[in-house]
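Here's the structure, in structure tokens; my notes come after.
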Amino acid sequence: MQPSSKKPRVDVAVFPVAGRGTRFLPATKASPKEMLPIVDKPLIQYAVEEALEAGARRLVFITGSSKRAIEDHFDSDGELEHLLLKQGKSEQLKMLKSVLPSYASCIYIRQPAPLGLGHAVLCARPAVGDAPFFVHLADDLIDAEESCLSQMAKRFDNGSIVAVQTVPHNQTDKYGIVKSGARHGDLLRVDRIVEKPKPDKAPSNLAVVGRYLLTPRVFTHLERIGEGAGGEIQLTDGIARLMNDEAVYAYRFAGKRFDCASKLGYLQANVEYALAHPELASKFRGYLRKLARDI
Ligand code: UTP
């Protein structure tokens with residue numbers, strides 16, 4: 001996979017995976033939400049593939065308790081490889097070896113407690129250094145011809161970018177919400193950003209989804225802010241402070257987002273990805289047609 005942009009490559013992608021996924025209990029009691037499969041691939045692998053396509057080579061996972069399976073997933077498994085070889089399952093072996101290309105490296109940093117997304121991103125600071133970086137939330141799955149992070153990297157011009165989409169007005173209290181101002185090409189200057197406002201207080205219904213391209217200056221603000229909405233250290237609040245120093249932009253990405261943190265969004269993603277899956281599409285479509293007639 002080649003970086004899709006002529007601009008300087010964004011080398012680091014941060015994956016905050018330390019949340020406990022309480023909306024998905026009991027499935028997430030002992031295994032990470034990010035390991036839930038969409039058809040046959042875990043959410044976190046879609047996330048890593050998207051970041052690699054956008055040019056990232058250093059993958060920083062902010063982990064917490066019961067997240068060991070993520071490390072295992074991206075590690076080689078000699079015993080399984082040997083078994084597949086012995087059984088002549090060469091396709092599966094090839095697929096297993098391609099989970100993480102050799103040019104990518106993984107760094108795991110433990111978030112001591114789930115103190116919020118802003119705190120999780122701050123934990124990545126030693127691995128990010130002083131360069132722009134991606135933040136990718138694996139439970140927001142985006143199906144797009146060109147990956148959402150690639151679209152953002154292409155448009156990056158020294159100002160942080162948050163991916164946005166419009167949401168129903170009565171759902172503003174689930175998202176960071178932006179009030180946008182002047183247009184700069186495909187980007188909108190963010191005039192205001194606020195975490196989870198009640199619908200009657202929301203400045204718009206333009207919601208931030210789980211893709212960010214941030215400048216490292218955001219860390220300075222994240223280390224200073226205290227608890228925000230829900231008693232957590234919010235990334236949105238760090239970005240709001242960053243706007244005092246430099247321009248921040250919103251980008252309406254091209255693609256379809258599935259909110260896989262919710263059960264409904266997760267099921268929808270599985271149905272639509274199965275309908276596009278080369279092995280399954282035809283049989284699954286037939287099954288759905290029959291089911292739709294019966295219900
Ligand atoms: P969510 O708000 O979806 O929280 O976090 P959650 O714990 O994962 O899920 P629910 O709400 O209990 O069902 C958004 C993203 O931020 C990460 C999560 O892993 C998720 O990718 N996160 C959140 C952290 O890494 N650390 C935190 O302290 C909080």
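For beta carbons closer than 8 Å, sequence separation of 6+ or different chains, a first residue in segment 80-100 that is touching a residue at least 40 places away in the same chain (Cβ under 8 Å) and a second that is in a loop (DSSP other than H, G, I, E, B) and of a type in the set (D, E, K, R), there are no qualifying pairs. If you go through segment 58-76 and keep only what is more than 19 Å from the chain's Cα centre (by Cα) and at pLDDT 90 or above, you end up with ASP72, ASP75. In the set (1) under 24 Å from PRO278 (Cβ atoms); (2) more than 16 Å from the ligand (Cβ to nearest atom), TYR46 fails one condition alone, (2).
List the residue pairs whose Cβ atoms are under 7 Å apart, where the first residue sits in segment 9-26 and is more than 11 Å from ARG57 (Cα to Cα) and at pLDDT 90 or above, the second is of a type in the set (S, T, N, Q) and near the ligand (Cβ under 6 Å from one of its atoms), and the two are 6 or more positions apart or on different chains. Every condition considered, the pairs that remain are ALA18/GLN111. Scanning segment 245-270 for residues that are touching a helix residue (DSSP H, G or I) at 6+ places or on another chain (Cβ under 9 Å), loosely packed, with under 14 Cβ neighbours inside 10 Å and not in a loop (DSSP other than H, G, I, E, B) yields LYS256, LYS263. Of all positions in segment 126-138, none carries a residue that is at pLDDT 95 or above and touching a Cys at 6+ places or on another chain (Cβ under 6 Å). Taking the condition free of Cβ contacts under 8 Å to residues at least 12 places away in the same chain, surrounded by fewer than 16 Cβ atoms within 10 Å (Cβ to Cβ) and within 16 Å of the ligand (Cβ to nearest atom), does ARG68 pass? Here the answer is yes, as ARG68 does meet what is asked. Could you grab me the full set of residues in segment 210-240 that are within 21 Å of ASP157 (Cβ to Cβ) and assigned to a strand (DSSP E or B)? Matches in segment 210-240: ARG211, TYR212, LEU213, LEU214. Would you check if there is a residue in segment 180-192 being closer than 23 Å to GLY228 by Cα, surrounded by 16 or more Cβ atoms within 10 Å (Cβ to Cβ) and in contact with a strand residue (DSSP E or B) (Cβ under 6 Å, 6 or more places away or on another chain)? There is at least one residue in segment 180-192 that is closer than 23 Å to GLY228 by Cα, surrounded by 16 or more Cβ atoms within 10 Å (Cβ to Cβ) and in contact with a strand residue (DSSP E or B) (Cβ under 6 Å, 6 or more places away or on another chain). In this structure, does LEU84 turn out to be within 16 Å of the ligand (Cβ to nearest atom), surrounded by 12 or more Cβ atoms within 10 Å (Cβ to Cβ) and not small (Gly, Ala, Ser)? Here the answer is no, as LEU84 does not meet what is asked.
Taking the numbered list (1) under 23 Å from LEU141 (Cα atoms); (2) loosely packed, with under 15 Cβ neighbours inside 10 Å in turn, ARG224 passes all entries but (1). The residue of segment 109-141 that is nearest to the chain's Cα centre (by Cα), among those that are more than 14 Å from the ligand (Cβ to nearest atom) and hydrophobic (A, V, I, L, M, F, W, C), is PHE133.
If the requirement is being at pLDDT 95 or above and closer than 21 Å to GLN151 by Cα, which of these qualifies: ALA240, ALA202, ALA250?
Numbers: ALA240 fails: closer than 21 Å to GLN151 by Cα; ALA202 fails: closer than 21 Å to GLN151 by Cα.
Answer to the selection: ALA250.
Taken over segment 79-117, the criterion of being of a type in the set (Lys, Arg) and closer than 18 Å to GLU50 by Cα is satisfied by LYS97 alone.
The values are calculated or read from the model by the stated rules, or taken from the named source; none is laboratory data. This structure is a prediction, so every number in the text was calculated from the model and none was measured. We place every Cβ from the backbone using ideal geometry, glycine too, and count neighbours over all the protein chains shown.
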